[in-house]
Structure formats: structure tokens, C-alpha cells
Amino acid sequence: MSDKTKDAAKALLAGEIDRRGFGKRMASLGIGAAAANFALGGVATEALAADFNWQAHKGKTLRLLLNKHPYADAMISDLAHFKALTGIDVQYDIFPEDVYFDKVTAALSSHSNRYDVLMTGAYQTWQYGPAQWLVDMKPYLKNPAKTAPNYDFNGIIANLRDSDAWSGVPGEALGSANAKQWAVPLGFELYNVSYNKRIFDKLKIEPPKNLPDMIEIGTKITKDAGGAYGVAVRGSRSWATIHPGYLSAYTNYGARDFEVKGTKLTSAVNSAESKAMNKLWVEMIQKAGPKNWATYTWYECAQDLGAGRCGMIYDANIIGFFENSPGTKESGHIGYAAFVPNPKMTHATSNVWIWSLAMSSFSKEKDAAWYFIQWASGKNFGIYGGVKKKLVDPVRNTTWHDAAFKARLDKNYPGFYEAFEKTLPDAKIYFTPQPLFFNVTTEWAAMLQRMVAGQVTIDAGLDKLAAHIDREVKSAGI
């Protein structure tokens, strides 16, 4: 690397020039984009190493357990910089999501030391953490000998940090003072509307502002769009049906999953607020949803948006990002809108899903594993993943404020940034943390299917669901 290349990279990292200026300097030196990015990564690596002994575990090897996902792809693509920074070798196994969590549970429940670091969701830590399968990373965060001074854990969006921390006491708030940091956020999704601008322009309609509006607009699309249906939402008999748009709308109508009194949990799924929201949700699916809604997962919602088979989705905002990328039929035709389901509310209450990094309690290289988690959740990798790869939504404020990241979104995904900003302030996990999460939400999804199919009335269905959940909770001694 020439001195002029290094100087330009240092100027960019110091904020003396922006990325456009850096690109111009590289072009004047005859250096292409790929080489320029590698040079920038090398200088960033040197800067990181200047005030912390990143080489303390040189020569060691870590094994990662990863879910096949663009976030994992971003990490894998930059492992050379991690090795250059630390001298640590990294090996990994990667699996598709339909088998991934079975692999995680099998590895942890058997106390296997094969993996040091793994990807997880926050909900899974409600099982893995209290079982002592994961390491509480709070002691690492408080130890200046093991945590780089410029790591800045507090630079991660606060609601995401808190969502990965729980005391293990059922009903106790996430992020409480005695919570254990079972995982560190890597990337996340929140829930708003992604819509097909071509279909909306053809029908001369605007994105919905609330749930009754969504029913009306979705019904019109189903009737008049010439083949596309109105709204894609998840419907399979799985916890994953409840946590995205459904719970975001549910919360916006003032409904809760449980009432918490001391250490006692009582199901609240049959509250007046829940029944009001569910009546609208069921009507939306019946009038504007896909014909085989009960089979729908993330993937079907994404595929239908990207193929132009639906007018809009109320699901992960990152689906709209991925399906607007080159290679999909509707690339360039996807728009984004913040969504406040309750007409009486002025702000969204989006639930979130967070892909996070956790450390196995059975790892023999815990300190080296913490170095990897710091690097992968750090500022430099966050900007690299957000600007050059598909690490969207990034978890750090520094990435969202990065000029190159914002320019990328504004140029190729217009409206994405604005919809995110409007939705973020109250975006967090709205479920009550408790160890029966997967049992409760799977039964919830099953009852939702019955209500949509007309097998049970909404009032009766939710009353039955509440009674079932209360029996489960009592049986578990919660």
C-alpha cells in the first residue's frame, strides 16, 4: 500500500474528507473500488490496534455457528481484516434457518465445546441464558483489559442493547439493572410497510396510514390490480407469525400478552384491546391476504413482494430492502412507509427481531471469542457491512449517521431511511420475557389460523387461548 493511499484512508477515517473525496483520490492514483476498500480496511485495522492489544490471542482458532443470512455473509466477507487485526483464525459452519436453531439447541444442550460464538435471536436467549448455556457478557464489557476503549457498547441503539439483556425472572423488564447481557446485537429488523409503487401508481392509491386504511386499500388491490392481492403477512403455525407486523399492531392498539403482578403472569390475549385489533387483523387477511395465508412465512412474503404478486407487505423493513435490490422482478419499484396501525395513535410501536452474537458457555476460548464479538459488533465493521454489504438494518448509530450509508439508501432505496427514522424511536421487543415464549406464541398462531378460517369466533377464540396459556403458565410454576 503506497503512502498516498494510506494518507487518503487516514484522512477519511479522521473525517477530513468524505467517501466521495476518498473515491476521487483513489481514482487519481489509478486504484479501483475493490482495492480502495481493502486499503481502507487495512488502515482501519491499524487504527483499531493502536490503543488496545488486539494480538493477545494470536494463533488461536475460533469456530462460529452461523445462520445463512446476509448479515453472516457480510461477516464472512471481512474475516481477513479480523485475522489481520487479531491473528486469530476463524472457522465456521453455516446452515439455513429452517434447521439452524435445531443445530444451536443441539450443540448447547449437549454442552458441546465445538462452537465458541453463535448467531441467535433475543427470544432464544430466554431459553439459552437461564439454562447457563450462554456467557453473560456484562463482566467483559466492564473489563478494560478485555474490551477496547473505542468499542463504545453504548453506541449500539439502546432498545436493542436492552432487548438482548434479561435477568431470567419471568415478567421482569428487559435491560433491567440486574439483567445479564446474553447477546450483543449484530443486525435487526423493524416492521413497517413496503409496497409496490407500480401497482399503487396504476390504481392511484397512497400507502395506508392505519389498519382500517390497510384493509380498504388491500381490498381494492385484490379487486382491481389484475392478479395481485392486497397485503402479505405471515400466517404459518409458528411463533414467527406473531412477532412481526401482528404484534406491532397488537401493541399499537394497547394490547399486551401478559399482565404482570409481582412474579405472577396472567394472559391478557383476550382483553378488549386485543379483541378489537384481532377483528381488524382477521378481516384484513380474509379480504386482502393471500389465499394460502396459513402457510406464509418470511420467505413467502418476500417472494410475493419481489415478484409483484402482492401490493404490499406489513413485515420486516429489510424485506423491502432485499427485494428492491438488483435481480428481483420488482427491483426499483418498491416503496417504504412508516405505519401506525391504530388511527388514535400518533406513533408506531414496532416490535423488532435482532440477529445477535452470543458466546457459548462451553467454549474453551472465551476471551478470544469476546474479541470476535467486539469486532463484529463494532463501528468499523458496522459501516463496512452497511455501505458495502447487506448489513441492513445496522445496530449502531454511527452507521445510520454515516454519509456514505445514507447516500446508498437515498440513491438506491428512496424512502427507506425516512420510514426507518419514523419507526425507530419506539421500536423494541414488546413481548413479556418468560421461558414459555415459543409454546405461547405457537399456540397463539394456531388460534389465529382458526379465527381466520372461521372455525371459531374471535371473542371465543381469544378466551380459549387465554385459558390455555394460563394453564401452561401455572403448570410451569410461573
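Ranked by the mean number of other Cβ atoms within 10 Å of their residues, highest first, the peptides 342-351, 61-70 fall in the order 61-70, 342-351.
For the range 272-278, 3J(HN,Hα) computed residue by residue from phi via the Karplus equation (6.51, -1.76, 1.60; θ = phi - 60°) reads 4, 5, 5, 5, 5, 5, 5 Hz, glycine and proline entered as x.
Per-peptide packing, taken as the mean over residues of other Cβ atoms within 10 Å, places 409-420, 223-234, 139-150 in the sequence 223-234, 409-420, 139-150 from highest down. Listed by chain and number, the lysines placed with their C-alpha closer than 17 angstrom to that of Lys204 are Lys220, Lys223; residues fewer than eight positions away on the same chain are left out.
Sorted by mean Cβ packing within 10 Å, highest first, what order do the peptides 390-397, 87-94 take?
Values: 390-397: 23.0, 87-94: 16.2.
Ranked from most to least packed, the peptides come out as 390-397, 87-94.
The fewest-to-most ranking of Lys364, Lys83 by surrounding Cβ atoms within 10 Å reads Lys364, Lys83. Phi angles of the range 177-187 translate, via the Karplus equation with coefficients 6.51, -1.76, 1.60 and θ = phi - 60°, into HN-Hα couplings of 4, 9, 6, 9, 8, 6, 7, 10, x, 10, x Hz per residue; Gly and Pro are given as x.
Beta-bridge orientation, the chain: approximately 70 percent antiparallel, per DSSP, counting only bridges with both partners inside.
Measuring against 21 Å, Cα to Cα, the residue pairs Lys364/Lys390; Lys388/Lys411; Lys209/Lys388 contain Lys364/Lys390; Lys209/Lys388 as the ones spanning a longer distance. Only aspartates and glutamates eight or more places from Lys103 in sequence, or on another chain, were considered; those with a Cα closer than 17 Å are Asp93, Asp116.
Taking the range 329-349 and a reference point 7 angstrom along Cα→Cβ of Asp426, the backbone N atoms nearer than 16 Å belong to 338-349.
Distance from the alpha carbon centroid of the range 209-282 to that of the range 416-478 works out to 10 angstrom.
A cut-off of 5 Å between modelled amide H atoms, ignoring neighbours fewer than 5 places along the same chain, links Leu134 with Ser361.
One equal scatterer on each Cα of the chain, no solvent, Debye formula: the resulting log10 I(q)/I(0) at q = 0.06, 0.08, 0.09, 0.12 Å⁻¹ is -0.28, -0.50, -0.63, -1.09.
No value in this document is a laboratory result; all are computed from the given coordinates. Note that the coordinates shown come from a computational prediction; the quantities given were computed from them, not determined experimentally. Cβ: placed from backbone, ideal geometry, glycine included. Neighbour counts: every protein chain shown.
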